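Undergrad: A single structure is presented below for examination.
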Amino acid sequence: MKSYLLLLLVSLGVSVLAQEDVVVTKAASTKSSLDLSGFTGSGPAYAVFRQTLEADLRRSGWFTFNRPATYVVGGSCSGESSLAVQCQVMDAVKSSPVLNQSYAGTAANAKRLAHKVSDDIIMAVKGFRGICSGRIVMVSNRTGKKELYVCDADGGNLRQLTSDKSISLSPQWTPSGTHIVYTSYRRGYPDAYLVDLASGARTCLANYPGMNMAGGVSPNGREVLLVLSRDGNPEVYIKPLAGGGLTRLTKTPRAGEASPAWSPDGSKIVYVSDLAGPGSPQLYIMDRSGNSRRLTSRGRENVAPDWGPNGWITYSSKRGGLYGVYMINPTTQEERAVSPSDTHYEEPAWASDGRHIVCTRREGRGSKIYLLDTMGDPPVCLTPNSGDWFSPAWCSQ
Amino acid sequence: MTTRWFISTILVCSMAIGMTGCKSWFSKKSSKSQGDLSDSGAIGALSPESVLPDRGQFADGKNVMAGQFETVRFAFDSAQVDDTERAKVEAVAEYAKANASTLVSLEGHCDERGSAEYNVSLGERRALAVRAYLMNLGIDGARIQTKSFGSESPKDPGHDENAWSINRRVEFVLIKQ
């Protein structure tokens, strides 16, 4: 009898867990209806603001725009060069306000202001932070050389960050969003640099003999992961950003490592190694002492990992000749395909909501940056038609 | 009718023998080359002699022997110097022995497929494999540097098997001090 009860409890527990998973993968049940028609204003700055607000809320994946809606947005955006925004959101079912906020800004930053208001609406209605105020760093060859570019979460406010006239690779944000680490061949060799976003000032992080690839910056912003070959083979190292000695984490004389990234709590590192066999790079997880275990087993190539705030690792996997974006839970080993299988999707990076992923989508000979939704909304292109775009990384602010 | 059947049987049999023969020849070759290099422990070993030399002495040099030495090619996803490629490395070793002041820069490359970051590591391992073989042949490791371009600098701009096989390579840049 007791064992029957136990069995019943266990199976109940399992079905509850399974149900939660289903809820997470089904988009429809998570969306709230929103009515924006009551938000008013006039003039060119209002048009930009309004268009950005609506596009942000649609892209967020949390809303439908059917009327009558559960949540009704009111308020206005007024002004020519300086903008005053008032935004209220009513829960029409409960007849109670969930947001009532004033904002001030300029016409020049109308888009950034709209991103801020969008995130506040998402927080008010859904109870968590949206991604509208996020920023993306990525690589493009649109000038003929691979330079770094920064843009908003919707692809707007695009600007060129570097003019190295060389090859730029693997950009990563510092958690504060003030700096970017990346790899550049500006001095002829692959070296790792730190760039101050505001001033453009640059510090060389690693220019040892051989290769110096920049990896992830630790969640506390103090350390950077590097892949260096100075000791005779590509290995993973930690270096303090403030300066100081290297700590080598891997010792694989017969294998190469790549793409090291931190877990959200900074205690573990996911990375790529072809230790299991030449030509079959796989994901491994290690602690700061270098104790490692293999994570992935399916797929000939599993590369370019990024460890999300939700605990899942996203990566690109080669299955049947096609690269696709996948996600894996490192505790349960559960794996899910995220991208469509119409073409190659590679180099995924989590957006800060743990729902969306930015990645590179190869289109024929070209490549663009897309926003993927792990809950099923269709992929959205974020980059312009001119040039090829690669290696996106996400910053929450 | 019988003759035709007889001829086609012979053809099929000889094709089968030919294919088996090829296969065993290839696998024998590749296992031999693997054995040779790993016996020395030189490929990527993290030993004192494997540590890469400072860049300074290579900085102001120029390629004094451009185009004279043949590019070493690699199999897909492999960092192994194949038997067919060894003579190319041996030719450079011979020149380096006869010209003691010459430095060697090895530039490793991959084809365009796969992760850009992993390809930098793979290109570096290709250059390091050639460096290990040069050191096996008696060239001081302090005279040999590596530089990986991953998949960023293809020699052939094409997007097919032929272009990819040309792009998986290590190029020799010889520098006169």
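The values are calculated or read from the model by the stated rules, or taken from the named source; none is laboratory data. The structure displayed is predicted, hence computed values, not measured ones. In this analysis, Cβ positions are derived from the backbone assuming ideal geometry, glycine residues included, and neighbour counts consider all displayed protein chains.
Undergrad: Which condition number does A:Gly216 fail, the rest of (1) more than 10 Å from every other protein chain (Cβ to nearest Cβ); (2) surrounded by fewer than 23 Cβ atoms within 10 Å (Cβ to Cβ) being met?
TA: Evaluating A:Gly216 over (1) more than 10 Å from every other protein chain (Cβ to nearest Cβ); (2) surrounded by fewer than 23 Cβ atoms within 10 Å (Cβ to Cβ) leaves (2) as the failure.
Undergrad: If a residue has to be in a strand (DSSP E or B) and within 13 Å of chain B (Cβ to nearest Cβ) to count, how many in the stretch A:148-174 make the cut?
TA: Number of matching residues: 5.
Undergrad: Can you pull out every residue in the stretch B:64-104 that is within 23 Å of B:Pro53 (Cα to Cα), within 12 Å of chain A (Cβ to nearest Cβ) and surrounded by 21 or more Cβ atoms within 10 Å (Cβ to Cβ)?
TA: Listed by number, the list holds a single entry, B:Ala79.
Undergrad: Could I ask something else about it? Pairs only if they're at least six apart or on different chains, beta carbon under 9 angstrom, first in the stretch A:59-84 and of a type in the set (Asp, Glu), second surrounded by 13 or more Cβ atoms within 10 Å (Cβ to Cβ); list them, first residue then second.
TA: Cβ pairs passing all conditions: A:Glu80/A:Gly43; A:Glu80/A:Ala45; A:Glu80/A:Ala107.
Undergrad: Being of a type in the set (Lys, Arg), over 20 Å from the mean Cα position of the chain (by Cα) and surrounded by fewer than 16 Cβ atoms within 10 Å (Cβ to Cβ) narrows it down to one residue among A:Lys239, A:Lys165; which is it?
TA: Exactly one of A:Lys239, A:Lys165 is of a type in the set (Lys, Arg), over 20 Å from the mean Cα position of the chain (by Cα) and surrounded by fewer than 16 Cβ atoms within 10 Å (Cβ to Cβ), namely A:Lys165.
Undergrad: Looking for whichever is surrounded by fewer than 18 Cβ atoms within 10 Å (Cβ to Cβ) and either small (Gly, Ala, Ser) or at positive phi (or both) here; the options are A:Ala153, A:Ala104, A:Ala124, A:Ala114. Which one fits?
TA: A:Ala104
Undergrad: Still on this structure, I have one more. For the stretch A:92-107, give me the residue count where each residue is without any contact (Cβ under 8 Å) to a residue 24 or more places away in the chain and not basic (Lys, Arg).
TA: 10
Undergrad: Here's something else I'd like to know. How many of the residues making up the stretch A:184-201 are out of contact with any Asp or Glu (no Cβ under 7 Å at 6 or more places or on another chain) and either under 27 Å from A:Trp307 (Cβ atoms) or in contact (Cβ under 8 Å) with a residue 60 or more places away in the chain (or both)?
TA: Residues in the stretch A:184-201 being out of contact with any Asp or Glu (no Cβ under 7 Å at 6 or more places or on another chain) and either under 27 Å from A:Trp307 (Cβ atoms) or in contact (Cβ under 8 Å) with a residue 60 or more places away in the chain (or both): 8 in total.
Undergrad: Turning to a different aspect of this structure: Scan the strands (runs of 3 or more DSSP E) fully inside the stretch A:283-397 and keep the ones with 1 or more residues being under 26 Å from A:Ile167 (Cβ atoms).
TA: Strands (runs of 3 or more DSSP E) meeting the threshold: A:301-307, A:313-319, A:322-328, A:345-350, A:356-363, A:366-373, A:389-395.
Undergrad: Going by what's in this entry, would A:Tyr182 be described as part of a loop (DSSP other than H, G, I, E, B), within 14 Å of chain B (Cβ to nearest Cβ), closer than 30 Å to A:Ser229 by Cα and modelled with pLDDT of 95 or more?
TA: So A:Tyr182 does not fit the description; no.
Undergrad: Suppose we filter A:Ala28, A:Ala18, A:Ala47 for residues that are out of contact with any helix residue (DSSP H, G or I) (no Cβ under 7 Å at 6 or more places or on another chain), surrounded by fewer than 18 Cβ atoms within 10 Å (Cβ to Cβ) and modelled with pLDDT of 95 or more; which single one remains?
TA: A:Ala47
Undergrad: With the structure loaded, tell me whether B:Lys155 is at pLDDT below 95 and not small (Gly, Ala, Ser) or whether it fails that test.
TA: Spelling it out, it is not the case that B:Lys155 is at pLDDT below 95 and not small (Gly, Ala, Ser).
Undergrad: Does any residue of the stretch A:255-272 turn out to be crowded, with 23+ Cβ neighbours inside 10 Å, hydroxyl-bearing (Ser, Thr, Tyr), touching a residue at least 60 places away in the same chain (Cβ under 8 Å) and not in a loop (DSSP other than H, G, I, E, B)?
TA: Within the stretch A:255-272, one or more residues are crowded, with 23+ Cβ neighbours inside 10 Å, hydroxyl-bearing (Ser, Thr, Tyr), touching a residue at least 60 places away in the same chain (Cβ under 8 Å) and not in a loop (DSSP other than H, G, I, E, B).
Undergrad: Here are A:Leu205, A:Leu226: which of them is more than 8 Å from every other protein chain (Cβ to nearest Cβ), part of a strand (DSSP E or B) and under 22 Å from the mean Cα position of the chain (by Cα)?
TA: Result: A:Leu226 is the single residue among A:Leu205, A:Leu226 that is more than 8 Å from every other protein chain (Cβ to nearest Cβ), part of a strand (DSSP E or B) and under 22 Å from the mean Cα position of the chain (by Cα).
Undergrad: A:Leu283: surrounded by fewer than 23 Cβ atoms within 10 Å (Cβ to Cβ), within 25 Å of A:Trp350 (Cβ to Cβ) and within 14 Å of another protein chain (Cβ to nearest Cβ), yes or no?
TA: Answer is no for this residue.
Undergrad: I need a count of the residues in the stretch B:120-130 that are more than 10 Å from B:Glu107 (Cα to Cα), more than 9 Å from every other protein chain (Cβ to nearest Cβ) and either in contact with a Pro (Cβ under 7 Å, 6 or more places away or on another chain) or charged (D, E, K, R) (or both).
TA: Residues flagged as more than 10 Å from B:Glu107 (Cα to Cα), more than 9 Å from every other protein chain (Cβ to nearest Cβ) and either in contact with a Pro (Cβ under 7 Å, 6 or more places away or on another chain) or charged (D, E, K, R) (or both) within the stretch B:120-130 amount to 0.
Undergrad: Which one is nearest to A:Gly266 (Cα to Cα), of the residues in the stretch A:300-337 that are in contact with a strand residue (DSSP E or B) (Cβ under 8 Å, 6 or more places away or on another chain) and of a type in the set (D, E, K, R)?
TA: It comes out as A:Asp306.
Undergrad: Using beta carbons and a limit of 8 Å, which pairs, at least six apart or on different chains, have the first residue in the stretch A:331-348 and on the phi > 0 side of the Ramachandran plot and the second one part of a strand (DSSP E or B)?
TA: Close Cβ pairs satisfying both conditions: A:Glu347/A:Ala304; A:Glu347/A:Ser316; A:Glu347/A:Cys359; A:Glu347/A:Thr360; A:Glu347/A:Phe390; A:Glu347/A:Ser391; A:Glu347/A:Pro392.
Undergrad: Taking A:Ser297 as the residue in question, decide whether it is under 25 Å from the mean Cα position of the chain (by Cα), more than 25 Å from A:Arg222 (Cβ to Cβ), surrounded by fewer than 20 Cβ atoms within 10 Å (Cβ to Cβ) and without any contact (Cβ under 8 Å) to a residue 60 or more places away in the chain.
TA: Taking the combined requirement at face value, the residue satisfies it.
Undergrad: Let me ask something else. Hey, among A:Gly177, A:Gly188, A:Gly245, which residue is within 11 Å of chain B (Cβ to nearest Cβ), farther than 27 Å from A:Pro278 by Cα and not aromatic (Phe, Trp, Tyr)?
TA: Sole residue among the options that is within 11 Å of chain B (Cβ to nearest Cβ), farther than 27 Å from A:Pro278 by Cα and not aromatic (Phe, Trp, Tyr): A:Gly188.
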